[in-house]
Amino acid sequence: MLEGRRIAVPESRELDLFTRMLERHGAVAARCPLVSIHDVEDSAPADAWLERLVQGRHDIVVLYTGEGLSRLLGFARRKGIEADVIAALSKTFTVARGPKPAKVLRGIGLVPDMMAEEPTTAGLMKTLSTLPIKGRLIGVLLYPGGEEALPNFLEAAGAQVDPILSYRYASDEEDEQVLTFIEELASGAIDLIAFTSTAQVRRLQEVARRFGREEGLDAAMRQILIAAVGPVTAEAVEKAGWPVGAMPQDSYHLKPLMMAFGRKLAQDANISASACVPRRPQEAPADLHGSSDSGALRRVSS
């Protein structure tokens, strides 16, 4: 059902992989990577946080993203304490927001002690509220743009919070290229846009706002089918005022994302096809066809 569909791809990190997946199914990928991911510029806070982890000072460690954990392990490796950090994580109660940090943990031979009830900040809050967190020191590995909600919740619950950021987003395309991308969305040439991070949503909004294209972007996003890789990204899309038309149900990766919007496109195509099928004229009952009024009945139904 992707054959000939023009799909906007704002992905950066796995842009080539995602594009190849789409093209194998006959889609035309409109590439516009909106953000790139880098280590935080100042490593000192991350190094100090890792030292506290190794010293066993954290009672609980909350892991938001796989990217954040991978970057943090990179800092530990360059500092020469990766083995100590892994050992410390194995002794510390860990809570993962979703499958991506859990996957990175498995890559170093560990598993999270608890998964969030759902892979969102609200899900983390609900899960952490079941734990004895008052007076505990909780290390929180955050993501860019999500620095306040969970720490505020934990502090209000009486916990001590030790937050850290290990990566940052940077613009990967010049504003003019993003503007061109927005114009393409507004032109009606795009069938679907597939968001894989909240940063992509924010970047589109920021550029549109800066250059007075908000109205055109909003109108376009209400016409185009929008797919989100998971509930966190979907929440950002909905917060922007745009409808999410497709999202994987329980596995938030590229392949399930593609399957989700493929199903949605197929459903929409079936609905459109059904609407276009002409209805057959209602025939008169068989026992009236031979009566003297049958001609009149046939004329009324024709």
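Test residue 252 against the stated conditions and say whether it is at pLDDT below 95 and over 21 Å from residue 29 (Cβ atoms). Before the answer, list the steps.
Details: at pLDDT below 95: yes; over 21 Å from residue 29 (Cβ atoms): no.
Considered against the rule, which asks whether it is at pLDDT below 95 and over 21 Å from residue 29 (Cβ atoms), residue 252 comes out as no.
Does residue 171 satisfy the condition of being more than 23 Å from the chain's Cα centre (by Cα), among the hydroxyl-bearing types (Ser, Thr, Tyr), modelled with pLDDT under 95 and closer than 30 Å to residue 212 by Cβ?
Here the answer is no, as residue 171 does not meet what is asked.
Taking region 23-77 only, how many residues are under 26 Å from residue 173 (Cα atoms) and among the basic types (Lys, Arg)?
The qualifying residues number 3.
Show the residue pairs meeting these rules: Cβ distance below 6 Å; 6+ apart or different chains; first residue within region 163-183 and in contact (Cβ under 8 Å) with a residue 60 or more places away in the chain and farther than 30 Å from residue 52 by Cα; second residue in a strand (DSSP E or B) and of a type in the set (Val, Ile, Thr).
Here the result reads 172/35, each pair linking region 163-183 to a residue that is in a strand (DSSP E or B) and of a type in the set (Val, Ile, Thr).
When you look at residue 23, is it outside the structural domain of residue 88 (by TED's automatic domain parsing) and either aromatic (Phe, Trp, Tyr) or surrounded by 17 or more Cβ atoms within 10 Å (Cβ to Cβ) (or both), yes or no?
The answer is no for residue 23.
So that you can scan it fast, the table gives a plain yes or no per residue for (1) modelled with pLDDT under 95; (2) outside the structural domain of residue 181 (by TED's automatic domain parsing):
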| residue | (1), (2) |
| --- | --- |
| 1 | yes, yes |
| 17 | yes, no |
| 50 | no, yes |
| 56 | no, yes |
| 72 | no, yes |
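Scan (1) surrounded by 21 or more Cβ atoms within 10 Å (Cβ to Cβ); (2) of a type outside the set (Ser, Thr, Tyr); (3) assigned by TED's automatic domain parsing to the domain that holds residue 163; (4) in contact with a Ser or Thr (Cβ under 8 Å, 6 or more places away or on another chain) for the single condition residue 114 breaks and write down its number.
(1)
Name the single residue that is nearest to residue 81 (Cα to Cα) among those in region 54-70 being in a helix (DSSP H, G or I) and out of contact with any Pro (no Cβ under 8 Å at 6 or more places or on another chain).
54
Could you tell me which of the residues 123, 139 is touching a strand residue (DSSP E or B) at 6+ places or on another chain (Cβ under 7 Å) and either free of Cβ contacts under 8 Å to residues at least 12 places away in the same chain or not assigned by TED's automatic domain parsing to the domain that holds residue 214 (or both)? Break it down stepwise before answering.
Details: 123 fails: touching a strand residue (DSSP E or B) at 6+ places or on another chain (Cβ under 7 Å).
Answer to the selection: 139.
Taking only pairs six or more apart or across chains, which ones have beta-carbon atoms under 6 Å, a first residue in region 236-261 that is under 19 Å from residue 16 (Cβ atoms), and a second residue that is crowded, with 17+ Cβ neighbours inside 10 Å and of a type in the set (Val, Ile, Thr)?
257/229
Sort out for me the strands (runs of 3 or more DSSP E) sitting completely within region 158-199 that have 2 or more residues that are touching a helix residue (DSSP H, G or I) at 6+ places or on another chain (Cβ under 9 Å), aromatic (Phe, Trp, Tyr) and crowded, with 18+ Cβ neighbours inside 10 Å.
167-171
What number of residues within region 246-267 satisfy the criterion of being assigned to a helix (DSSP H, G or I), crowded, with 21+ Cβ neighbours inside 10 Å and touching a helix residue (DSSP H, G or I) at 6+ places or on another chain (Cβ under 7 Å)?
Number satisfying all stated conditions: 1.
Is region 57-70 home to any residue that is without any contact (Cβ under 8 Å) to a residue 24 or more places away in the chain and of a type outside the set (Phe, Trp, Tyr)?
Pass one, region 57-70, residues without any contact (Cβ under 8 Å) to a residue 24 or more places away in the chain: none.
No - not one qualifying residue is present in region 57-70.
Across region 88-111, what is the number of residues that are outside any strand (DSSP E or B), surrounded by 14 or more Cβ atoms within 10 Å (Cβ to Cβ) and either among the small types (Gly, Ala, Ser) or free of Cβ contacts under 8 Å to residues at least 24 places away in the same chain (or both)?
3
The values are calculated or read from the model by the stated rules, or taken from the named source; none is laboratory data. These figures come from a predicted structure and were not determined experimentally. Reconstructed Cβ throughout: ideal geometry from the backbone, glycine too, with neighbour counts over all protein chains shown.
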